[in-house]
Structures are given as C-alpha cells and as structure tokens.
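Q: Below are the structure tokens for one structure; questions will follow.
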C-alpha cells in the first residue's frame, strides 16, 4: 500500500480515499486501539478542526471510530493546529487530532495527530495505522456498521478554546502591551479567525481584521500567507505598523512591515535570533532552518556570530535537530517557526507574539529590525530524469557542481536534490547576481540532462 502519512499527516481530497468517511472512521478506531495497547487502558483524545465544510463530517467519523474502540473524546471545535497540540499536552490527553489541510484549498482536508508531548505522531504508530486501514480493523464487522458520533458539547469546546487563548495572552504575551501598535491581521478565513483577533485585542492592539468570515469554502481563497498582496495593500492604506497573515490552520505566520514590505520566514528568524541573543536566550548561538532558507539569512547570522544549521525540508526535521542539539529557535522560509522550549509545534500566533515582543522591547519598527538581512537571487531549475542515481555517482555533474560552488565561495550556495514525488532533479543556486546564478544553473541542468535525463526531454 502507498504510504499515507507524509511529513504533515494524511492529506488529500475530502471524500476520497483515504479521507472518505469509512476510512476516517477506521483511522479513528485504529488510533484509539493502538493508543490503548500502548497505555494499557482507554485513551483520552482531543480533536479540533479548521473551517472547511468537510471538517464536521470528518470529525464525526473519526470520533465515532475512536469511541467504538473505547476512547474518551473531547472536541475543541474550530481551533488552530497548535491549539490542539497545546491542549493535548496540558489536559493532558494521550493524543490530539487535527482535521485540517493547512494552506490547501477547501476541497482538500487532512488528519494530523499529536502525541501527549504535543509532538507529531511517531513513524511507528503511523505505520500501524496504515496497516490497520488495509487489515483486520477495516474488515471488522463492527467497523462496517459504523457508530453515530455524539454531538459536540459546545460549552466544553468553547472552554477549551478559551484555555488556549488564556495561555497565549497570560503566558506567551505576559507583560506585553500592544496599545501603541496598529496591526492588520489576515486570518485566511481559517482556524485563526476568532482566536488571533481575540488574543491581540486582549493585549491592547488596535486591530484591523481581514479574511475572518469563514463560510466553509473560502479558507485560503486569495487570502492568508499564500496571498500576501492584499495584506500589503491594506497595511499601507491604513498606515498600520505591521500586518500578519496566517495560513488555514495558523501553524505559521508571515508578516508585512509598515511600508508594505514582505517579511518572510527567513527575515522573521533573523529578527528573532537577534532578539533572543540579546536576552541571552539563543542556546548555542545557533538557528536551525532547512536547506531552502536563503543564503542571505546565513550570511546575516554569521555577521552576528550566529551559526545556521540546515536540515531537510519540513518542520519535522527542524524540530528533530532542535531537540537533538538543544537549540532554542528554528523554522522555515514559509513562516513555520518553532520555539521548542515553549511548544514542539509551530504556532503562528506564538510567532506573532514573539515578534511583537521584539518590536516593543527594542522600540523599533519591523522594517528597522529586518535591516541587515539581504535576500540573495535564487534560481530553481527542474530536470526530468529517467532514474534517481546519487549525484556523487555522476562524475561530470560532481565536477561542474564543485567548480560552481568554488566560484560562488561564501557568497552563494548550490543545492542538488531529487523531488520526493516526481522524477525530477532539482538544481537550486543562490548567489550575488541573478545573471550568475541563472547561467550556472542552466549549465548544470544541461550536464544532468546528458547523464540521466528522461528521453522525452532530449
């Protein structure tokens, strides 16, 4: 069977395998069964969802399956992904489940599972659930009959959400006053639509909210972190100090400064690294990011004697390295930032509050705080290949790659990798000028094409 769990859970079109009602029911029953085996008793599970129209029936199917296996379930209703991670570790629960497809369009949905620590479910448990989808749990008589899910306790759901809001305002935002800041918030018509404005208003910000009227189908639609243009325009039009854009489940955040300039995850890491270092809280004077972070971040951090440690693409790998090395800050260019001493899940609202802390304490604007980092030109070229041979087994590719990297020196970076889902070799080069990186990338692409290019590309 094709692997169902990716680096961020199961994701696909709602209503189609593996996110049809019957399979979601099986996933709920499997999770509860496996947790019970591990615990030696009935597990407690907390569930939340984003604003997609498919979220309600998917949550009901999952809850029905889990209750069939004896689990005790609490639903937080519509809540952010990191909100579920928070509740999982504080209730406490044996697992937390989020029904969300993050930044994907409304037709998609997904299932993410957190362990009791608030960390994403381990690979071994994911494989067991995948085997159950094809195995005896799927084929059991009781599963085929199905079980009606009990309706949510709306008062309890609201109480769980308030618990998360109180944590954000009273612990993360403790002593933070935003009374002098005017902020535009783009909620992507997603899970942050009520929670993020509630937090920022409680801390005193003058708030302008956009894309915070979800209807089940407008989540991420020309809104949020993938469509930053409307936020840029609104920040300038309203003469705001800054703007923040969340994605559909609010596990990440991207920013706009008062002049309307886009502040991506790399620039956010730069500001936060300087802030934490000045406070003596940047453990090891290092930041963890992925291979896709721009070399401009690496060069800027180096100027402050801060080391950039790179991982494979995915917040999962960033977290693994942070925990392995004892780091205090890591993240991705996409705005997924992790503070492992606070939470093992990326949280767009926590990222926002930490950035606002830096702005308030330094008494500088976001534009001033992002000075010192320069984004270097980057080019990405894809080459369709007939096989994915290790690049070190291709002498001509190795020779040219070494020559290009030597020429770039510490002013640029070359990354060769294969796509995880398509027959593509990816050539990524960053350097001081666009002409230089384009020319180098095309030269290398030609050599890869000659060595292992697919016949259709010849």
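No value in this document is a laboratory result; all are computed from the given coordinates. Treat the numbers as computed from the prediction; the structure is a model and nothing was measured. Heads up, the Cβs are rebuilt from the backbone with ideal geometry, glycines too, and the neighbour counts pull from every protein chain shown.
Q: Percent antiparallel among DSSP beta bridges with both residues in the stretch 173-369, to the nearest 5?
A: In the stretch 173-369, approximately 35 percent of DSSP beta bridges are antiparallel ones.
Q: Name the residues of the stretch 87-118 whose amide N is less than 13 Å from a point 7 angstrom out from the Cα of residue 53 along the C-beta direction?
A: Counting backbone N atoms under 13 Å from the label point, the list is 106-108.
Q: Over what distance in Å are the Cα centres of the stretch 296-346 and the stretch 384-455 separated?
A: One Cα centre to the other: 25 Å.
Q: Tell me, how many Å apart are the Cα centres for the stretch 269-294 and for the stretch 222-268?
A: The stretch 269-294 and the stretch 222-268 have Cα centres spaced 21 Å from each other.
Q: Still on this structure, I have one more. Please label the shape of the stretch 12-107 as rounded, prolate or oblate, based on the square roots a ≥ b ≥ c of the eigenvalues of the alpha-carbon gyration tensor (a/c under 1.5 means rounded; beyond that, a/b larger than b/c means prolate, else oblate).
A: Note, shape of the stretch 12-107 comes out oblate.
Q: Sort the following peptides by mean Cβ neighbour count (other Cβ atoms within 10 Å, averaged over residues), highest first: 206-215, 66-75.
A: 66-75, 206-215
Q: Under 8 Å for C-alpha pairs, at least 6 residues apart: give me the relative contact order for the stretch 326-424, rounded to a whole percent.
A: Relative contact order, the stretch 326-424: 15 percent.
Q: Next question. So how do 313-321, 269-277 stack up, highest first, on mean other-Cβ count within 10 Å?
A: Result, highest mean Cβ count within 10 Å first: 269-277, 313-321.
Q: Let me know the shape class of the chain, please: from the alpha-carbon gyration tensor, a ≥ b ≥ c as square roots of the eigenvalues, rounded when a/c is under 1.5, otherwise prolate if a/b is greater than b/c, or oblate.
A: oblate
Q: A further question follows. Counting alpha carbon pairs within less than 8 Å and at least 6 residues apart, what relative contact order, in whole percent, applies to the chain?
A: Over the chain, the number comes to 12 percent.
Q: Also, I was wondering about something else. By how many nm would the segment from residue 403 to residue 131 grow when fully extended, if each residue of separation counts as 0.36 nm and the alpha-carbon distance is taken off? List each step's numbers first, then the result.
A: Values: separation 272, 0.36 × 272 = 97.92 nm, distance 4.71 nm.
Taking 0.36 nm per residue and subtracting the Cα distance, the gain is 93.2 nm.
Q: Rg/Rh for the stretch 378-457 to two decimals, with Rh computed the Kirkwood way over all alpha-carbon pairs.
A: 0.95
Q: I would also like to ask the following. Is the shape of the stretch 254-335 best called rounded, prolate or oblate, per the rule: a/c under 1.5 gives rounded, else a/b larger than b/c gives prolate, else oblate, with a ≥ b ≥ c the square roots of the Cα gyration tensor eigenvalues? Show your work: numbers first, answer last.
A: Values: a/c = 1.74, a/b = 1.23, b/c = 1.41.
In terms of gyration-tensor shape, oblate.
Q: I've got another one for you. Take every DSSP beta bridge with both residues inside the chain and express the antiparallel ones as a percent of the total, to the nearest 5.
A: On the way: 34 of 61 bridges.
Bridges in the chain that DSSP calls antiparallel: roughly 55 percent.
Q: So, by mean Cβ neighbours within 10 angstrom, what's the order for 76-87, 180-191, 104-115 with the highest one leading?
A: In descending order of packing, they fall as 76-87, 180-191, 104-115.
Q: In percent, what relative contact order does the stretch 284-349 have, based on Cα pairs under 8 Å that are 6 or more apart in sequence?
A: Relative contact order here is 31 percent.
Q: Obtain the nm distance between the two label points defined at residue 304 and residue 13 by a simple spin-label model: each point lies 7 Å from its Cα along the Cα-to-C-beta direction.
A: 4.6 nm
Q: Please work out the C-alpha center-to-center distance from the stretch 59-124 to the stretch 1-55 and express it in whole Å.
A: 8 Å
Q: If each residue of separation counts as 0.36 nm, what is the full-extension length gain between residue 386 and residue 278 once their alpha-carbon separation is subtracted?
A: That works out to 33.8 nm of additional length.
Q: Something else about it: Any number yet on Rg/Rh for the stretch 173-369, C-alpha, Kirkwood?
A: Result for the stretch 173-369 is an Rg/Rh of 0.95.
Q: Mind checking the full-extension length gain between residue 154 and residue 177? Use 0.36 nm per residue of separation minus the Cα-Cα distance, one decimal, nm.
A: Length difference between fully extended and current span is 5.1 nm.
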